[in-house]
Amino acid sequence: MSVVYTGLQLRPAQIVIRRRLAIFRFVVAVCHRRLGKTCLAVDWLAEEGLSKPFSDYRGYYFCTTQKQAKMVSWHYFKQILGPLALIGLVQFNETELRVDMPNGAKIYLGSAESIENYRGIYIDRLVLDEVGSWPNAEYAYAEVLRPAMADREAHALIIGTVKGLIQFYNFYQYGINPDPK
């Protein structure tokens, strides 16, 4: 686990997922509703961003739409990082839906609906939320996000609930196979 502690009290299932994140580059978590997937993912991105020694860290939290990303995760970023914001160490950029951290790290909320806007970026940590709802999931991942992860060997957490045998199932299948480089 990371050296920075945000204070989130993890549930037993969340602890299992966090332990896997410390071991594997890609973690797929197929979980029931209300387990706390989003809160866990936000906490992971925040701790990773705060603990990385380089100032150009980039974390991304992707949902189907920008509105969904804001509705499901933005308040968790503010809740978890709020104490640091109160003393001026963390800033929330509402317009850009970006968190700026004291070490120069940045976390962005992104969306599959505007995936072409993310060509050419680099990623250090990535969360893909409810990929089963993305109409362009395979393209978004294979053509835009995965290449952005390559340079820095980014780690990814792919979270969601069961929604048929679609792209999220494919990620699950990748997840039960040996960790790809």
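The values are calculated or read from the model by the stated rules, or taken from the named source; none is laboratory data. Keep in mind the model is a prediction, meaning the values are calculated, not measured. No Cβ is skipped: glycine too gets one built from the backbone with ideal geometry, and neighbour counts run over all protein chains shown. The accessibility values were calculated without ligands, DNA or RNA, using every heavy atom of the protein model including side chains. Shrake-Rupley method; radii C 1.70, N 1.55, O 1.52, S 1.80 Å.
Express the relative contact order of the chain as a whole percentage, based on alpha carbon pairs under 8 Å and six or more residues apart in sequence.
On the way: 304 pairs, mean separation 50.8, N = 181.
About 28 percent, as a whole number.
Using a 1.4 angstrom probe on heavy atoms only, work out the carbon and sulfur share of the accessible area of region 1-141 in %. Provide the component values of the computation, followed by the final result.
On the way: 3690 of 6730 Å².
The value for region 1-141 is 55 percent carbon and sulfur by accessible area.
Give me the extension gain from residue 31 to residue 87: residue separation times 0.36 nm, minus the current Cα-Cα distance, reported in nm with one decimal.
16.6 nm
Separation between the residue 151 and residue 116 pseudo-spin-labels, each 7 Å from Cα along Cα→Cβ, expressed in nm?
Output for this residue pair reads 2.2 nm.
Kindly provide the helix-only [θ] at 222 nm of the chain, computed as the sum of -39,500 (n - 2.57) over DSSP H runs of four or more divided by all residues, to the nearest 500 deg cm²/dmol?
-9000 deg cm²/dmol
Assign one of three labels to the chain, namely rounded, prolate or oblate, based on the Cα gyration tensor with a ≥ b ≥ c the square roots of its eigenvalues; rounded applies when a/c is under 1.5, prolate when it is not and a/b is larger than b/c, and oblate otherwise.
rounded
Can you give the net charge of the other residues whose Cβ lies under 14 Å from the Cβ of residue 136, counting K and R as +1 and D and E as -1? Don't skip to the end; give the middle numbers.
Details: positive: 119, 146; negative: 113, 116, 130, 138, 143.
Spelling it out: positives minus negatives among the neighbours equals -3.
Going toward the positive end of the dipole of the chain, with +1 on Lys and Arg Cβ and -1 on Asp and Glu Cβ, which of 36, 60, 132 do you reach last?
36
Which trypsin sites (Lys or Arg not before Pro) does region 109-160 hold that lie in a coil by DSSP with at most 13 other beta carbons within 10 Å?
Details: sites: 119, 125, 152; in loops: 119, 152.
When the trypsin sites (Lys or Arg not before Pro) of region 109-160 are filtered for loop state and at most 13 Cβ neighbours within 10 Å, 119 remain.
Rounded to the nearest 20 debye, what is the charge dipole size of region 37-159 about its Cα centre when +1 sits on each Lys and Arg Cβ and -1 on each Asp and Glu Cβ?
200 debye
So, for the chain, what is the accessible surface per residue at a probe of 1.4 Å, expressed in square angstrom?
Roughly 50 Å² per residue, with all protein chains present.
Quick one: go through region 32-62 and flag any residue whose amide nitrogen is under 20 Å from the point 7 Å out along the Cα-to-Cβ line of residue 75.
Answer for this model: 33-46, 61-62.
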